[in-house]
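Enquirer: After the structure tokens below, expect a handful of questions from me.
Only the coordinates and a few stated rules stand behind these numbers; no lab work does. Worth saying up front: this structure is predicted, and the values here are computed from it rather than measured. When we count neighbours, we look across all protein chains shown, and the Cβ atoms used for this are built from the backbone with ideal geometry, even at glycine.
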Amino acid sequence: MCMFILPLTLKKDVYDSLFEDDPKANAMKEKGAPDIKDLFNIAVETGIHLVPCQLPMDIKGIEKEDIVDFVEEPTGASGFLDKSLDADLSYFL
């Protein structure tokens, strides 16, 4: 499976503090739901390819080195479509 994602939540400085003081995230934790970081880790471990979108990275001045290491090379929409042709399932977020 391929998932095309916006890179802003995957910046290292943002990801490290993702949902730390979020009441909704805390309520989910209290109910035993995994947090977003756990879900990203599970996704990667099960073979899901997380592909950051290049355009918002260019607009916001985000470099590949600025985002977490578990994502693939950033690409544009057409590059993602090409990558996802052989995928069983693709998400374009």
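Enquirer: Between GLU45 and GLU63, with labels modelled 7 Å along Cα→Cβ, what's the label distance in nm to one decimal, could you check?
Expert: 3.2 nm
Enquirer: With a ≥ b ≥ c taken as the square roots of the eigenvalues of the C-alpha gyration tensor of the range 30-93, please select rounded if a/c is under 1.5 and otherwise prolate if a/b is larger than b/c or oblate if it is not?
Expert: Numbers: a/c = 2.23, a/b = 1.30, b/c = 1.72.
Verdict is oblate for the range 30-93.
Enquirer: Beta carbons within 10 angstrom, averaged per residue: use that to sort the peptides 73-79, 51-57, 30-36, highest first. All intermediate terms of the calculation are to be shown ahead of the outcome.
Expert: Numbers: 73-79: 13.7, 51-57: 19.0, 30-36: 10.9.
Per-residue mean Cβ counts within 10 Å order the peptides as 51-57, 73-79, 30-36.
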